[in-house]
Amino acid sequence: MVTLTAPETAHTSTATAGTASAGATLIDGATLIDLAGSSVRDLNQALHQATDGQAWTVKTPGGKHSLAVGIDADIDVTIDGHAGYYAAGMHQKGEVTINGNAGVGLAENIMSGKVHVTGDASQSAAATGHGGLVVIDGNAGARCGISMKGVDIVVGGNIGHMSAFMAQAGRLVVCGHAGEALGDSIYEARIYVRGTVASLGADCIEKPMTAEHLDELAGLLAAAGRTEDPADFRRYGSARNLYHFSVHNSTSY
């Protein structure tokens, strides 16, 4: 078992971090962990002991699951390579950047902070997220933002079917196209799509873009480092027929 050491225990800008010589090295103020020689459990335990202001780099992730989960400090974590299932889940603070693709359940139940994927993300990205910002430069699979509860999601490419299913709050921005049944059974989340929508789900309708929405969308795009024109997007949201039960809507459930 490899013991990882937090950066503040080192005394030089370029040094081996104490007893973690096989797995953690301090380079120019950032702690580098190579998962070729350390376990995911050791990585996550070290990140849980990190303090605000630190920087961490993870090498050789190899598509391993549950990387960088449950971070509760204002730190920057960079994963150089592909991540498996549930990367950056239950994220509380700081920023996680994945320089690659991410598997199912990226940033599931994120509470705040930022998670950025430079490639594509699989199904259920940012599912049930309560807050924070999730940026996916590439495409996202099915059920992106399912049951989102306040998180903001910006996808540079396309999203799959059943995205924003039962979305309760937050904003989903799609710079590409959206798949079938977008926003099915949606509550009060806002959806902005630049491209085409294959079909809308139950109780999801297109709504007017006002100055308020253009300003909101411009802010979200800027936060995600995007340059698209907000005027090119359409807005979708709830018709508010389903969550106030009416027998006349019973066939729509």
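Across region 215-253, the number of residues qualifying as under 19 Å from residue 153 (Cβ atoms) and either at pLDDT below 95 or open to solvent by less than 60 Å² (accessible area, probe 1.4 Å) (or both) comes to 15.
Counted as qualifying within region 160-209 are the strands (runs of 3 or more DSSP E) with 2 or more residues that are of a type in the set (Gly, Ala, Ser), namely 169-174. Within region 87-112, restricting attention to residues that are touching an Asp or Glu at 6+ places or on another chain (Cβ under 6 Å) and in a loop (DSSP other than H, G, I, E, B), the residue that is nearest to residue 44 (Cα to Cα) is 89.
When residue 199 is tested against the conditions (1) touching a Ser or Thr at 6+ places or on another chain (Cβ under 7 Å); (2) open to solvent by 40 Å² or more (accessible area, probe 1.4 Å), the lone failure is (1). Within region 154-195, the set of residues being over 18 Å from the mean Cα position of the chain (by Cα), of a type in the set (D, E, K, R) and within 24 Å of residue 118 (Cα to Cα) comprises 194 only. Evaluate region 109-117: report whether one residue or more is basic (Lys, Arg) and over 23 Å from residue 158 (Cβ atoms). No, every residue in region 109-117 fails to be basic (Lys, Arg) and over 23 Å from residue 158 (Cβ atoms).
Considering region 90-138, and only residues there that are touching a His at 6+ places or on another chain (Cβ under 8 Å) and among the hydroxyl-bearing types (Ser, Thr, Tyr), the residue that is nearest to residue 65 (Cα to Cα) turns out to be 97.
Out of 35, 43, I need the residue that is closer than 26 Å to residue 131 by Cβ, modelled with pLDDT of 95 or more and open to solvent by less than 10 Å² (accessible area, probe 1.4 Å). Which one?
Checking each option against the conditions leaves just 43.
Of all residues in region 80-127, exactly one satisfies the criterion of being open to solvent by 30 Å² or more (accessible area, probe 1.4 Å), touching a strand residue (DSSP E or B) at 6+ places or on another chain (Cβ under 6 Å) and among the polar types (S, T, N, Q), namely 99. Here 192, 187 are screened, and the one residue that is under 17 Å from residue 144 (Cβ atoms) and either at pLDDT below 95 or surrounded by fewer than 20 Cβ atoms within 10 Å (Cβ to Cβ) (or both) is 187.
The values are calculated or read from the model by the stated rules, or taken from the named source; none is laboratory data. Predicted, not measured: the structure shown is a model, and the values here were computed from it. Heads up, the Cβs are rebuilt from the backbone with ideal geometry, glycines too, and the neighbour counts pull from every protein chain shown. Quick note on the areas: whole protein, heavy atoms, side chains included, nothing else; ligands and nucleic acids left out. Shrake-Rupley method; radii C 1.70, N 1.55, O 1.52, S 1.80 Å.
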